[in-house]
Amino acid sequence: MNAPVQKPPMLSVREALDFLLEAATPVEQVETIPTLEANGRVLAADQLSTIDVPSADNTQMDGYAVRAEDCADGEKTLRVTQRIPAGSVGQQLEPGTAARIFTGALIPPGADAVVMQEQCEAVGDSVTVRHAPRAGEWIRRRGEDIGAGATILAAGTRLRSQELGLAASVGLAALPVRRRLRVAVFFTGDELTMPGDVPADQLKPGSIYNSNRFTLRGLLENLGCDITDYGIVPDSLDATRATLRKAAREHDLIITSGGVSVGEEDHIKPAVEAEGKLSMWQIAVKPGKPLAFGQVSRDEGHAFFLGLPGNPVSSFVTFLLFVRPFLLRLQGVEGPVEPRGYMMRADFDQAKADRRNEFLRVRVNAAGGLELFPNQSSGVLTSTVWGDGLVDNPAGNRIAAGDLVRFIPFAELQN
């Protein structure tokens with residue numbers, strides 16, 4: 001009598017993610033592009049400042065540049081001898097005088113403080129200062145933000161608007177970045193139909209609209225990938241293999257949705273095994289569980305492969321948890337690529353513990369707590385629109401109203 005087949009143990013979320021991140025090899029090609037066009041790109045080399053920022057002492061406020069010792073009594077009338085707007089250079093400030101000065105303007109020689117205009121009263125060519133400033137008050141010192149030679153941006157940084165502004169502030173008109181990641185996607189299932197091809201009232205029994213195509217493409221666009229969409233591939237081994245070969249030639253990563261089970265109509269596993277190598281994982285995660293990871297061979301090297309489940313919420317959540325950090329690492333992002341979580345109050349009960357790590361769709365209520373979407377099924381896509389993020393609920397854990405839980409906002413998961 002044959003012994004029963006032993007199923008491999010399910011991987012934890014941590015184990016699966018660690019495996020993916022260890023396998024990821026960043027793209028090597030680098031291009032130099034205008035800083036104005038670098039939003040969302042990954043920096044390929046450290047960037048150093050060649051200047052001090054600010055380049056000279058300047059004022060943080062509209063007001064009057066003075067000598068602090070002239071105003072030590074707390075009320076002093078001074079003669080205004082010059083006016084210094086931003087971009088102008090003032091003259092030597094003599095004792096007993098003040099300079100009208102505007103935000104960003106250079107501090108004139110001889111002045112050592114600025115008094116904000118709200119603490120002054122100007123009459124004719126004189127000003128009464130009703131404040132005893134300390135030396136250095138409201139002055140931005142040369143180099144206090146950035147010193148010449150300092151590293152302002154590290155290699156592996158994914159550039160956002162603030163990084164672009166920082167680069168521009170030291171005169172960097174162009175930046176070296178890794179090339180965009182090339183990602184191919186296709187979708188399996190003869191039941192799939194594209195919106196617009198068939199009216200809803202004429203859908204054949206068992207047919208569904210291909211929502212995953214829209215969700216996954218949107219997620220990839222948010223991450224700045226160059227996408228090739230091969231659409232819906234027929235449920236046949238030959239068609240699946242042919243699409244894999246075509247996709248592997250020009251892409252760094254191939255992502256599929258559906259067909260990662262082991263049924264007779266699920267051709268992803270044998271197709272990838274025939275064209276490369278594959279690991280089929282059962283992950284202790286809900287929603288999700290099945291995830292395929294491997295490589296599709298080509299003449300030189302390979303393209304990575306990730307096969308996501310077909311249920312729409314499972315596909316969405318597994319992308320956020322596993323594909324997103326893997327993509328960021330492939331793009332060359334260094335440092336943490338996992339989303340931050342925040343401890344927040346649960347305003348719901350989850351009396352039944354699950355043996356898997358659950359990711360519950362929730363939203364933030366007006367009282368600052370978290371509400372649970374009532375139907376947590378992997379097919380209920382409305383929960384992802386209704387919700388603000390996911391609660392990371394460990395395996396075997398029950399939740400009672402008032403408990404603190406780890407909340408991961410969608411803003412973190414889609415950044």
- Note on the structure: Note: among 67, 41, 83, just one is out of contact with any helix residue (DSSP H, G or I) (no Cβ under 7 Å at 6 or more places or on another chain) and surrounded by fewer than 15 Cβ atoms within 10 Å (Cβ to Cβ), namely 83
- Query: In segment 319-344, how many residues are buried (at least 17 other Cβ atoms within 10 Å of the Cβ), within 12 Å of the chain's Cα centre (by Cα) and either not in a helix (DSSP H, G or I) or not basic (Lys, Arg) (or both)?
  - Reply: 7
- Message: When the residues of segment 44-64 are narrowed to those that are open to solvent by 30 Å² or more (accessible area, probe 1.4 Å) and β-branched (Val, Ile, Thr), which ends up nearest to residue 178 (Cα to Cα)?
- Response: 50
- Item | Conditions (1) modelled with pLDDT of 95 or more; (2) not in a strand (DSSP E or B); number of the one not met by residue 88 | (1)
- Item | The one condition in (1) open to solvent by less than 30 Å² (accessible area, probe 1.4 Å); (2) touching a Gly at 6+ places or on another chain (Cβ under 6 Å) that residue 116 fails to fulfil | (1)
- Message: Restricting to segment 295-311, count the residues that are at pLDDT below 95 and buried (at least 23 other Cβ atoms within 10 Å of the Cβ).
- Response: 4
- Taking segment 14-71, which residues are under 30 Å from residue 104 (Cα atoms) and free of Cβ contacts under 8 Å to residues at least 60 places away in the same chain? 37, 62, 65, 67, 69, 70
- Task: Would you please name the residue that is farthest from residue 310 (Cα to Cα), looking only at residues in segment 362-411 that are in a helix (DSSP H, G or I) and open to solvent by less than 30 Å² (accessible area, probe 1.4 Å)?
- Result: 410
- Message: Going by what's in this entry, would residue 74 be described as in a loop (DSSP other than H, G, I, E, B) and open to solvent by 60 Å² or more (accessible area, probe 1.4 Å)?
- Response: no
- Message: Just to be sure I understand the filter: pairs with C-beta atoms under 8 Å, separated by 6 or more residues or on different chains, first member in segment 194-206 and open to solvent by less than 60 Å² (accessible area, probe 1.4 Å), second member part of a helix (DSSP H, G or I). Which pairs pass?
- Response: 194/213
- Message: Just to be sure before I move on: is residue 238 in a helix (DSSP H, G or I), more than 25 Å from the chain's Cα centre (by Cα) and without any contact (Cβ under 8 Å) to a residue 12 or more places away in the chain in the structure I sent?
- Response: yes
- Residue set 155, 173; condition open to solvent by less than 70 Å² (accessible area, probe 1.4 Å) and either more than 30 Å from residue 99 (Cβ to Cβ) or modelled with pLDDT under 95 (or both); output residue 155
- Out of (1) open to solvent by less than 50 Å² (accessible area, probe 1.4 Å); (2) within 22 Å of residue 9 (Cβ to Cβ); (3) in contact (Cβ under 8 Å) with a residue 24 or more places away in the chain; (4) not polar (S, T, N, Q), what's the single condition that is false for residue 289? (1)
- Note on the structure: Restricting segment 98-113 to residues that are within 14 Å of residue 137 (Cβ to Cβ), aliphatic (A, V, I, L, M) and open to solvent by 10 Å² or more (accessible area, probe 1.4 Å), the one farthest from the chain's Cα centre (by Cα) turns out to be 111
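The values are calculated or read from the model by the stated rules, or taken from the named source; none is laboratory data. On a predicted model such as this, the values are computed, not experimentally measured, just so you know. Neighbour counts are summed over all protein chains in view; Cβ atoms, including those assigned to glycine, are modelled from backbone coordinates with ideal geometry. Calculation scope for accessible area: heavy atoms of the full protein, side chains included, ligands and nucleic acids excluded. Shrake-Rupley method; radii C 1.70, N 1.55, O 1.52, S 1.80 Å.
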